[in-house]
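Below is one structure, written out as structure tokens; comments come after it.
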């Protein structure tokens, strides 16, 4: 249970969906950090994680293990090279801006810098911003010292041109190293500064770590960071993540490149306005009628964050489900770890017609409190709708035992 709360905390901080890497990976990372901190219990570590300024970064470093190399996915860099050459006359050479996120240990942004150098660009004629949330990866990227493992798609001739072999490994030359600026940031915290948007964005193998809702938020953020004729490169396994978005695929096999589509963007903006919780359909879901019963139990047990739960009830009752969900998660992060709060999240997901997530929260509530009546009854209702009468009967029988 505590591991799932820590996973939720990671998701709130970074967007990482534990299902993408597996809860076991999160558990192993937590165990390593607990050992390093001299902490023996997950609940104690969860509280420490919330109170420490540095522990979240250290846990992120432990969870996010990068796998990258120079010129990984060569066709993307071939298209980049052609694009830069073709756009030389239409883009000011001094204003070409490129973003690499997540940049991991630096192989991708440094590969981009090599392409620009080979296309005739000097250090003062481009900007490459490289962004990641893992301090450990950024330190390795700034050090720019690599092993043979990083050169799987870089021939020896090019390696010898840009690297100096040392006893510790291969040291990148300054003419490439100085062309990249590294930043510790989360994609959701990035903003356009001074109207300077990116002409090219490499965002490869980030979306796969998010759930669908977070993927949409990330794509909206990328859209805001890009110029109108910008190109987005994604990972080979992320085409499904971008389907139906405001980006139009470039017909180039194995490049996994997309252009911003103005018509798609307009459609996407209209959908975003329609989905905004300020204009959401106010018709109440039948599930919402259960919220007040959950709230009453919370008040009886004296939870310290009753106000947040009351706010969540009110917001959900008004149909503002996303904001209600946010209140619940804030209550959990503040220490209100209870079956009632988890059940409340389940009810909200049910109201959003997200039965899979709803069932997950009901099961977590029952795991925390085996006799949690409302969660058991919701699970029985789910089983009924799935046609599993036997399981539904089992849930109802358990619920009756605790009436």
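Observations, loosely collected:
- Scanning segment 115-134 for residues that are crowded, with 22+ Cβ neighbours inside 10 Å and not in a strand (DSSP E or B) returns 116, 133, 134.
- Screening residue 224 on (1) assigned to a helix (DSSP H, G or I); (2) loosely packed, with under 15 Cβ neighbours inside 10 Å; (3) modelled with pLDDT under 80 shows it passes everything except condition (3).
- Residue 30 at negative phi, in a helix (DSSP H, G or I), crowded, with 22+ Cβ neighbours inside 10 Å and outside the structural domain of residue 232 (by TED's automatic domain parsing): yes
- Look at segment 39-62: where a residue is surrounded by 17 or more Cβ atoms within 10 Å (Cβ to Cβ) and a partner is assigned to a loop (DSSP other than H, G, I, E, B) and at pLDDT 85 or above, sitting 6+ places away or on another chain with Cβ atoms under 7 Å, you get 45/39; 60/133; 60/134; 61/134.
- Residues within segment 135-161 that are more than 20 Å from residue 98 (Cα to Cα) and within 24 Å of the chain's Cα centre (by Cα), tallied: 4
- Pairing residues of segment 381-401 that are modelled with pLDDT of 75 or more with residues that are outside any helix (DSSP H, G or I), at Cβ distances under 9 Å and at least 6 apart in sequence or on separate chains, gives 382/388; 392/386; 398/370; 398/371.
- Top-ranked residue of segment 84-105 - restricted to ones that are under 30 Å from the mean Cα position of the chain (by Cα), over 16 Å from residue 203 (Cβ atoms) and surrounded by 15 or more Cβ atoms within 10 Å (Cβ to Cβ), ranked as modelled with the highest pLDDT: 105
- Qualifying residues in segment 359-380 (those that are free of Cβ contacts under 8 Å to residues at least 40 places away in the same chain and under 23 Å from the mean Cα position of the chain (by Cα)) - the one surrounded by the fewest Cβ atoms within 10 Å (Cβ to Cβ): 360
- Which numbered condition residue 153 misses (of (1) in contact with a helix residue (DSSP H, G or I) (Cβ under 6 Å, 6 or more places away or on another chain); (2) surrounded by fewer than 21 Cβ atoms within 10 Å (Cβ to Cβ); (3) outside any loop (DSSP other than H, G, I, E, B)): (3)
- Residue 249 vs. criteria without any contact (Cβ under 8 Å) to a residue 12 or more places away in the chain and touching a strand residue (DSSP E or B) at 6+ places or on another chain (Cβ under 7 Å): yes
- Enumerated helices (runs of 4 or more DSSP H) restricted to segment 322-403, each holding at least 2 residues that are out of contact with any strand residue (DSSP E or B) (no Cβ under 7 Å at 6 or more places or on another chain) and within 24 Å of residue 13 (Cβ to Cβ): 339-351, 355-368
The values are calculated or read from the model by the stated rules, or taken from the named source; none is laboratory data. Bear in mind the structure is a predicted one, so any value in this text is a computation, not a measurement. Cβ atoms come from the backbone with ideal geometry, glycine included; neighbour counts cover every protein chain shown.
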